[in-house]
Amino acid sequence: MSTMSKTSYKSYIDALGKISNAITSDIYLEDMLKLIVTLTANVMKAKICALWLLDHKTKELRIRATQAMSKEYLKERSIKLGEGIVGMVAKDKKTIVIADVLENNQYKEKDLAKKEGLVSMISVPMLVKKRVIGVINCYTTSAYSFSKGDKDLLQTVASQAAVAIENTELMVKTKVIQEELETRKKVEKAKGLLMKERSLNENEAYNLIRKSSMDKRLSMKDIAEAIILASEIKNT
């Protein structure tokens, strides 16, 4: 694998365009991340491209996407913040380039590298407003000096992917909060109807909704909606 030439510069631009389109589309997060690593691996001519995300509660990084088909590489594993190359990149928020992973003392997965024939590596932090959320790695199967174009591509991809992940997770959290509020409103309304129609107190009405939810294996929102609908039909 040689350094990025003028010929491959078009591939670099095309890849960025496709990655940008993927990031701004409505596809699911897992599919988006898979597409990002696949496109990045193709343009970088890398054996493996992997995207790790940081769990800020456990301070651990886990692989969320890779285009690698190897069963060994796809095994579930985690790396602590500050541990190994991936952990150091996440902790220090700085790109690390390694000429030969087998000769690097900080690289922790030498057995896996031997099995996969991995040699050179570049690891780039994914940042959102100086806050690290993960790391993107690319490996080659022969000694390689990563060019400025390679680094620029990965840094751009990492930045775009980081923003997309942050936005997606924010949307999911917002949706969950909205659903919880909607459920609470309907349960409160159903509770009020039961209190009025069956002369129950607040606790009795709530417990009746909860028991019905457990007995029928339906959500409390579904039970509340059924109570509200029955009351509306009764009063028409």
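Within the set Lys93, Lys80, the sole residue that is out of contact with any helix residue (DSSP H, G or I) (no Cβ under 6 Å at 6 or more places or on another chain), farther than 20 Å from Tyr144 by Cβ and touching a residue at least 12 places away in the same chain (Cβ under 8 Å) turns out to be Lys93. Does Ser142 satisfy being farther than 30 Å from Thr58 by Cα and exposed (fewer than 13 other Cβ atoms within 10 Å of the Cβ)? It is true that Ser142 is farther than 30 Å from Thr58 by Cα and exposed (fewer than 13 other Cβ atoms within 10 Å of the Cβ). Within the option set Lys75, Lys80, Lys94, being assigned by TED's automatic domain parsing to the domain that holds Val128, farther than 26 Å from Ser159 by Cβ and among the charged types (D, E, K, R) holds for one residue only, Lys75. Here Ile136, Ile228 are screened, and the one residue that is part of a strand (DSSP E or B) and surrounded by 13 or more Cβ atoms within 10 Å (Cβ to Cβ) is Ile136. Please enumerate the residues belonging to the range 42-61 that are at pLDDT 90 or above and at positive phi. Across the range 42-61, the qualifying residue is only Lys59. None of Leu54, Leu102, Leu118 is out of contact with any Cys (no Cβ under 8 Å at 6 or more places or on another chain) and either small (Gly, Ala, Ser) or assigned to a helix (DSSP H, G or I) (or both) except Leu102.
The values are calculated or read from the model by the stated rules, or taken from the named source; none is laboratory data. Small disclaimer: the values here were computed from a predicted structure and weren't measured. All Cβ positions, even for glycine, are placed from backbone atoms using ideal geometry, and neighbour counts span all protein chains on display.
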